Each structure stands twice: as C-alpha cells, then as structure tokens.
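S.K.: Can you keep this structure in mind? I'll have questions shortly.
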Amino acid sequence: MLRLTDVSKSYEPGKRAVDGITLEVKAGEIFGFLGPNGAGKTTTIKMIVGILRPDEGRIEVNGHDLAKDPVAAKKQMGYVPDESNLWEKITGAEYLNFVADVYGVPGPERASRAKELLDIFEMTEAVSDPIGSYSRGMRQKIATIASLLHRPRLWILDEPMMGLDPRSSYLMKVMMRSHADQGGAVFFSTHVLEVAERLCDRVGIIHQGKLRVVGTVGEIKGLFAKKEDETLEEVFLKLTEVTLPKEQLESIAR
C-alpha cells in the first residue's frame, strides 16, 4: 500500500531531517509512526503526501510512483495535517464540495458520504457556518471528513487526536480501525504512546531522522524490554535516548 525506499530529506547541507528511511505499510493495517519532536515524522509525512520532495529515494502509494505519477498516487491518499489551516471565509459545506470537486467525487455520492461523516462527527449543524467560527477541534473534524470523501486507500494522519474531545477521539480510533479492516491502510504519527500501543498493528520509531525499529509492539518489547511489564513508553524512551538521573527525577517529583 505504501512503500518508502531509501528516502532522505535535508533542510541544510550536511544535516538530514530524514535519513535513508525504508519502510512498507501493508493493506489492512494501522501503522503508528512514533518519535520525539524534531525526529522527522512530519517531514516524512509531507514527503509521502507530496508537499515536500525527497532529496533521495522513492515513494510508492498503492503501486503508483509519487515522483513519476503524482496525481494517480495522490488520488489514493486522504491526508489530515497536524494543524488544519483552512480558508476561514467559506463554510464547511463549501470546503467539502471543493475537496470533492478536486477528487472528482460525483454529486450523489459526495452528498451521502458527507452526510454519513457529518453525522458521525456531530458537524451536521455547523457545516453551514464559516470555518472562521470553528474551534480547533471542529476544524480538525471538517478536515478529517474532507480527507475521507473520496474513500482513499491510504489514510494519513499527523497527530490526529490533537484538539479533539474524548468522544471525537474515540470515534477517530474506531474509524481508523474500520478503515484498515475494510482493506485500506492507516499511517499516523502520534505522541500518545498508550494509543499506539492499543491501536496499532505495527509501529516504527524514528529518532534524529533515522528509523530505529519497526515491528509489532510485542516484537519491539521482546527485543528491547528488560522487564515483562515494561510499557511501550519505557521502550520508546530507551530507543530515543531520553534519560534523566534518578536525583533529577526525584527533584522534579518534589
């Protein structure tokens, strides 16, 4: 479904934000992309969706080479960024119609699909209001709805729970699982490791631009955990070299 081969990106000479990532996400799975701030998660996602161009490497989406056939590759994807910077003077309905036009979704299909998603996210009444009047969570919801109108095979989300209330966050997780169970693939980044541990079929941990490990949570724990009850969070801290002396931790606790 998604294949990255030796993908790299630099913003300045000699310093790679993403360094030679090779990764495959299969149909039917939820893949969690984990890493500390500045690790290269958002840069990688922006290369996958075509916002940034890799310096090196190849990206394929459902068999389409992103560099050689970008339109066909992008039609396979739905994308929700970490911050939904939308046009504030148009209504939610106008935005959804614009996105549906871009992806060529027929009128009757877009209407039924939009109604279904608006009902799920409790946005039916607000869809006629200007986006400028929306809260951050509402903007996240309308961006999520727009990303699913064309029924993408690959659903890409950058910190999808950010700004959502508990009910909407739960619905998002249910929809991610449903999307994968119906044969699609979900690729998402998150800082909420408990969510990744419960939800993901596999995870990858990126640090300083390099992909440190890929596997199921159980496989990664088996390789790196020293205790049976060790959490993914504790393993993550080891792999990303986040350690504090015991004395400093005790000082913080006080």
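We did not get these values from a lab; they are worked out from the coordinates using the rules stated. In this text, all values refer to a predicted model and were calculated from it rather than measured experimentally. Every residue, glycine as well, gets a Cβ built from its backbone with ideal geometry; the counts of neighbours run over all protein chains shown.
S.K.: Name the aspartates and glutamates eligible as straight-distance cross-link partners of residue 226: C-alpha to C-alpha under 12 Å, and not fewer than 8 places from it in the same chain.
M.R.: 234
S.K.: Antiparallel DSSP bridges in the chain: what percent, to the nearest 5?
M.R.: Details: 20 of 37 bridges.
Roughly 55 percent of the beta bridges in the chain run antiparallel, per DSSP.
S.K.: Now, a different point. Got a sec? How would 155, 87 order by Cβ neighbour count within 10 Å, fewest to most?
M.R.: Fewest-to-most Cβ neighbours within 10 Å comes out as 87, 155.
S.K.: Okay, next question. Sorted from largest to smallest, which semi-axis lengths in Å does the alpha carbon gyration tensor of region 2-219 give for its equivalent ellipsoid, taking the root of 5 times each eigenvalue?
M.R.: Result for region 2-219: semi-axes of 28, 19, 17 Å.
S.K.: Further question: Can you give me the relative contact order of region 1-68 as a percent, contacts being Cα pairs under 8 Å and 6 or more apart?
M.R.: 41 percent
S.K.: With an 8 Å Cα cut-off and a minimum separation of 6 or more residues, compute the relative contact order for the chain in percent.
M.R.: In percent, rounded to a whole number, it is 26.
S.K.: Also, I was wondering about something else. Can you give the charge dipole size of the chain about its Cα centre, rounded to the nearest 20 debye, using +1 on the beta carbon of Lys and Arg and -1 on the beta carbon of Asp and Glu?
M.R.: So the dipole magnitude of the chain works out to roughly 400 debye.
S.K.: For the residue pair residue 68 and residue 128, what label-to-label distance in nm results when each label sits 7 Å from Cα along the Cα-to-beta-carbon direction?
M.R.: In this crude spin-label approximation the distance works out to 5.0 nm.
S.K.: What is the dipole size for region 99-194, taken about its Cα centre, with +1 at each Lys and Arg Cβ and -1 at each Asp and Glu Cβ, in debye to the nearest 20?
M.R.: Values: 11 positive and 12 negative charges, 34 e Å.
Roughly 160 debye for region 99-194.
S.K.: Also, I was wondering about something else. On a straight-distance basis, which lysines could pair with residue 75 in a cross-link, Cα separation under 27 angstrom, same-chain partners fewer than 8 positions away excluded?
M.R.: Partners within reach: 9, 26, 41, 46, 89, 115, 141, 173.
S.K.: A follow-up question, please. At 7 Å along the Cα-to-beta-carbon direction for both residue 237 and residue 51, put a label point, then send me their distance in nm to one decimal.
M.R.: Placing both labels 7 Å beyond Cα along the Cβ direction yields 3.1 nm.
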